[in-house]
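Below is one structure, written out as structure tokens; the observations come after it.
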Amino acid sequence: MMVVANITPTLPSSRSELRTLMRKCEQMQGMSVLEHGISVAKYYRDLLSHLQTGSSLKYEWKLPEWVYDPLILESLLPTNDVLTYLVYHDCGKPLCIYFDDDGRRHFPDHANVSYELWQGMFGDSDVAWLIKHDMEIHLARASDSERIADRKYWATQLLAGLAEVHSNASMFGGIESTSFKIKHKNLSKMGKRILSLKKD
């Protein structure tokens, strides 16, 4: 039996109200949805700085070789757009949260809920598209690689995916955890396939 967390909150009408809504909703015990988004954005900025300038990485990373391919940096969307997407990528979670009988949080269809909320407030944009497709790179199969490679978002999706997986790993057992290794392996293979397609 599903137990709804609470009455649906009032829809925000500004970015400030949206951040407040995200701050009040826990992604997990001790971390809000907003804190999670900010963490992923920090990981992305760390990786991007490393790739652009060769600076030392601040966080713990396990990077696939393809991240150093020049085509990655050449193909990324503007940094401000990507950071905005990462901070707000789960903005709809406060609107779809429920707790099951064991007290575990669930956020069904959160990517679409987040997209609808963002798009309703700020219109269609690259940020809105990325929010809607946030889970795609994590769930993609080999058969999806050509479709992803054909879009302008491919490099951004790959690096953002790496940032999210590493940010999450910092809370769930580190890069030696089984969960991280599975997600990292899938992303590594997808990046290799996509870069191969881009160079054919």
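Bear in mind that the values in this text are calculations on the coordinates, not laboratory data. All of these numbers come straight from a predicted model, not from anything done at the bench. Cβ atoms come from the backbone with ideal geometry, glycine included; neighbour counts cover every protein chain shown.
A full extension of the chain between Thr53 and His138 corresponds to an added length of 27.9 nm, given 0.36 nm per residue minus the alpha carbon distance.
Ranked by the mean number of other Cβ atoms within 10 Å of their residues, highest first, the peptides 70-79, 151-160 come out as 151-160, 70-79. Quick one: Cα centre-to-centre distance for the stretch 25-43 and the stretch 67-117, in angstrom? A separation of 11 Å, based on Cα centres. Taking the longest Cα principal axis of the chain as reference, the axis of helix 33-53 is set at about 10 degrees. What FRET efficiency, computed as 1/(1 + (r/R0)^6) with R0 = 30 Å and r the Cβ-Cβ distance, is obtained for Asp101 and Glu35, rounded to the nearest 0.05? Computed FRET efficiency for Asp101 and Glu35: 0.65. Here the dipole of the chain is about 340 debye; that uses its Cα centre as origin and unit charges on the Cβ of Lys and Arg (positive) and Asp and Glu (negative). Charges were assigned to the Cβ only: +1 to each Lys and Arg, -1 to each Asp and Glu. The resulting dipole of the stretch 5-121 about its Cα centre is roughly 420 debye. Under 1.5 on a/c is rounded, so check that first for the stretch 13-53, then, if it is not, pick prolate when a/b is larger than b/c and oblate when it is not; a ≥ b ≥ c are the square roots of the alpha carbon gyration tensor eigenvalues. Verdict is oblate for the stretch 13-53.
The H on the amide N of Ser32, modeled in the peptide plane, is under 5 Å from the matching H of Gln27, each at least 5 residues off or on a different chain.
Karplus-derived 3J(HN,Hα) values for the stretch 78-84, using 6.51 cos²θ - 1.76 cosθ + 1.60 with θ = phi - 60°, are x, 4, 4, 5, 5, 5, 4 Hz; glycine and proline are entered as x. In this structure, Glu17 and Gln119 have a Cβ-Cβ separation that, at R0 = 22 Å, corresponds to a calculated FRET efficiency of about 0.85. Under the convention that each Lys and Arg Cβ holds +1 and each Asp and Glu Cβ holds -1, the size of the dipole of the stretch 44-107 around its Cα centre is about 180 debye. Here the peptides 28-40, 178-190, 81-93 are ranked by packing, the mean other Cβ count within 10 Å, and the order with the highest first is 81-93, 28-40, 178-190. For the stretch 61-70, the Karplus equation 6.51 cos²θ - 1.76 cosθ + 1.60, evaluated at θ = phi - 60°, returns couplings of 10, 10, 9, x, 4, 5, 5, 8, 5, x Hz by residue, with Gly and Pro reported as x. Give the lysines reachable from Lys198 as a straight Cα distance under 26 Å; neighbours fewer than 8 places away on the same chain don't count. Leaving aside lysines fewer than 8 places away in the same chain, those within reach of Lys198 are Lys62, Lys132, Lys152, Lys181, Lys183, Lys185, Lys189. The relative contact order of the chain comes to 24 percent, based on Cα pairs under 8 Å that sit 6 or more residues apart.
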